[in-house]
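I have placed the structure first, in the form of structure tokens, so that the comments after it can refer back to it.
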Amino acid sequence: MTETLEAPALIERRGHVMLITLNRPQARNAVNAEMCIVVGDALAEADKDPDVRAVVLTGAGDKAFCAGADLKALMRGEAVIPPGREKWGLAGYVGQAISKPTIAAVNGPALGGGTELVLASDLVVAADTAVFGLPEVTRGLIAGAGGAFRLAAKLPPVVAMELLLTGEPITAAQALALHLVNRVVPAADVLDTALALAEKIAANAPLAVAATKRIALAQGESGERPDESLGWEMTNAALPGIAYSEDAKEGPLAFAEKRAPVWQGR
């Protein structure tokens, strides 16, 4: 169900940079099926187009970068990842590894799936108002868009485990101290800073940049990342049992009712 006639994501060219803006500010830029298609197709186009040398991903408005999957759509029984697009994952982004460098311009809170979009990006510029976190365990869920294994890969083990198992968020300043982001700037400067970083990358030899990214991330020519295969396999195996559990029903219900959840462990 489409809630608005506005495009769910806006695609622009800024020289050699493709700018993708998640465009559902009324829903805190939550991801629905239509957004997955627009963003996923744009990334595929960027990967094939030699004129695109870097991609910047940001959110519309000032309320959030991305609130993750659209829970209202899920409650209506709608899929947030369209059939046939499962491999590309949330927003058509988290599972689609392209050869061009990607930069997340985090203009506001990025919790749950929003943090997973950040973790899927090569570089991150964050607003000083941004917060990050994977609160899924507090809702009876797991971070199913790569968050669990990618956070564990990017942070010291004890830090990653605390964040994953408590579900507690961190501020932009904390994320910078933990080297989870590259820059923290005033919110009004996020996009310009990210675009300037993208333009600096785009000024370099494109074949060398693409090859360097592939080597650094152990990424094959077709985008596969063997180092992540076990993480995806374990995530996909765990998702059905968690998603259909009684706790997974109780978590969002308790959140909506503003009460502490009563877990059943089943």
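The values are calculated or read from the model by the stated rules, or taken from the named source; none is laboratory data. Because the structure is predicted, anything quoted here is derived from the model rather than measured. For neighbour counting, all protein chains shown are included, and Cβ atoms are generated from backbone atoms with ideal geometry for every residue, glycine included. Just the protein is used for accessible areas: all its heavy atoms, side chains included, with ligands, DNA and RNA removed. Shrake-Rupley method; radii C 1.70, N 1.55, O 1.52, S 1.80 Å.
Pairs meeting the criteria (first residue in region 243-266 and more than 12 Å from Leu141 (Cα to Cα), second residue loosely packed, with under 10 Cβ neighbours inside 10 Å, beta carbons under 7 Å, at least 6 apart or on different chains) are Ala254/Ala260. Count, please, the residues in region 80-95 that happen to be touching a residue at least 60 places away in the same chain (Cβ under 8 Å) and more than 11 Å from the chain's Cα centre (by Cα). Selection size over region 80-95: 0. Checking Glu233, Glu224, Glu199 one by one, the residue that is touching a His at 6+ places or on another chain (Cβ under 8 Å) and either exposed (fewer than 12 other Cβ atoms within 10 Å of the Cβ) or touching a residue at least 40 places away in the same chain (Cβ under 8 Å) (or both) is Glu199 and no other. Against the numbered list (1) in contact (Cβ under 8 Å) with a residue 40 or more places away in the chain; (2) open to solvent by 60 Å² or more (accessible area, probe 1.4 Å), Gly77 comes up short only at (1).
Yes or no, residue by residue, for (1) under 15 Å from the mean Cα position of the chain (by Cα); (2) in a helix (DSSP H, G or I); (3) among the basic types (Lys, Arg):
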| site | (1), (2), (3) |
| --- | --- |
| Ile142 | yes, no, no |
| Arg150 | yes, yes, yes |
| Ala153 | no, yes, no |
| Leu164 | no, yes, no |
| Ala173 | no, yes, no |
| Leu176 | no, yes, no |
| Leu180 | yes, no, no |
| Asp192 | no, yes, no |
| Leu195 | no, yes, no |
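For region 80-112, a residue qualifies if it is small (Gly, Ala, Ser) and either under 19 Å from Lys63 (Cβ atoms) or in a strand (DSSP E or B) (or both), and the qualifying residues are Ala91, Ala104, Ala105, Gly108, Ala110, Gly112. Can you find a residue in region 222-229 that is closer than 21 Å to Gly108 by Cα and assigned to a helix (DSSP H, G or I)? No, region 222-229 has no match at all.
Among the residues of region 119-134, is there at least one that is open to solvent by 20 Å² or more (accessible area, probe 1.4 Å), of a type in the set (Asp, Glu) and at pLDDT 95 or above? Checking region 119-134: at least one residue is open to solvent by 20 Å² or more (accessible area, probe 1.4 Å), of a type in the set (Asp, Glu) and at pLDDT 95 or above.
Among the candidates Leu151, Leu191, Leu163, the residue that is open to solvent by less than 60 Å² (accessible area, probe 1.4 Å) and in contact with a strand residue (DSSP E or B) (Cβ under 6 Å, 6 or more places away or on another chain) is uniquely Leu191. When Thr115, Thr212, Thr138 are checked against the criterion of being outside any strand (DSSP E or B), surrounded by 17 or more Cβ atoms within 10 Å (Cβ to Cβ) and either out of contact with any strand residue (DSSP E or B) (no Cβ under 7 Å at 6 or more places or on another chain) or β-branched (Val, Ile, Thr) (or both), a single residue qualifies: Thr115. In region 21-66, the residue that is most open to solvent (accessible area, probe 1.4 Å) out of those that are among the β-branched types (Val, Ile, Thr) and either assigned to a helix (DSSP H, G or I) or under 22 Å from Ala79 (Cα atoms) (or both) is Ile37.
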